[in-house]
Each structure stands twice: as structure tokens, then as C-alpha cells.
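The values are calculated or read from the model by the stated rules, or taken from the named source; none is laboratory data. None of the values given here were measured: they were computed from a predicted structure. Ideal geometry is used to build each Cβ from the backbone, glycine not excepted, and the neighbour counts take in all protein chains shown.
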Amino acid sequence: MTDLNQQQWQEELAKNPEVIILDVRTEAEVAEGFMPNAQHLDILDAGVFMEGANALIKDKDYFVYCKSGSRSVQACMIMESLGFKNTFNLLGGFSQWDGETTI
């Protein structure tokens, strides 16, 4: 897992449009807004999260975020334990995000 600050996250996204953005917040949090093209996989619903994570391609780059950066760290650690090689955590989470959002 690599931690990225807000600026690094945006720079890396610009360099690599093939990354998969993973939003691990709750449905209620997602309803308030999310990053464009983000896939939703609620880490607080453990069964659904594990099933969804296991269905993902493990050798892709995954940019993972939550509200403040704590749950996304957990998600990255779980994903790494499942064999994912490239997970990136957004420091400060969506609450500090100043980039484009969708509602």
C-alpha cells in the first residue's frame, strides 16, 4: 500500500487513466457525492466487500478512498492480504478532496 496526499493522487490519476478508483464508504456517504468513475464497495459490509474484492483483477492499480482515510487503509491491507499488488490510499479521504465530484 502506498499513501498518497491529495496532490499526489490527482497527479497519479492524470498519469494513469487505467487505475480503478474504489470508494469504500457507506451508501449514505456515497449519496453525498463521490469521485467520477469510482466503484463502490462498502468495507463496513464485510461479506459484500470480500466478495467484491475477490471478483476484482488483482494486478491492476487500485486507488482507494473513504471519508477520512482510515477505512481505506483497512481496505488496502485486506486487498493486499488477498494478493493485490498495487493499492494506493488517499490520505485525508474524501472529506479533504478538492477535485471533481459527482452527486
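Things to note:
- Which numbered condition Arg71 fails, given (1) closer than 17 Å to Gly92 by Cα; (2) loosely packed, with under 12 Cβ neighbours inside 10 Å; (3) among the basic types (Lys, Arg): (2)
- Filter result (over 12 Å from the mean Cα position of the chain (by Cα) and on the phi > 0 side of the Ramachandran plot) within the stretch 1-50: Gly33
- Annotation: Arg25 fulfils all but one of (1) more than 15 Å from Ser68 (Cβ to Cβ); (2) basic (Lys, Arg); (3) in contact with a Lys or Arg (Cβ under 8 Å, 6 or more places away or on another chain); the unmet one is (1).
- Residue match in the stretch 40-59 (condition: surrounded by 12 or more Cβ atoms within 10 Å (Cβ to Cβ), farther than 18 Å from Gln96 by Cα, basic (Lys, Arg) and touching a Lys or Arg at 6+ places or on another chain (Cβ under 8 Å)): yes
- Taken residue by residue, the stretch 1-14 has no member that is crowded, with 16+ Cβ neighbours inside 10 Å, within 16 Å of Asn89 (Cα to Cα), among the hydroxyl-bearing types (Ser, Thr, Tyr) and at pLDDT 95 or above.
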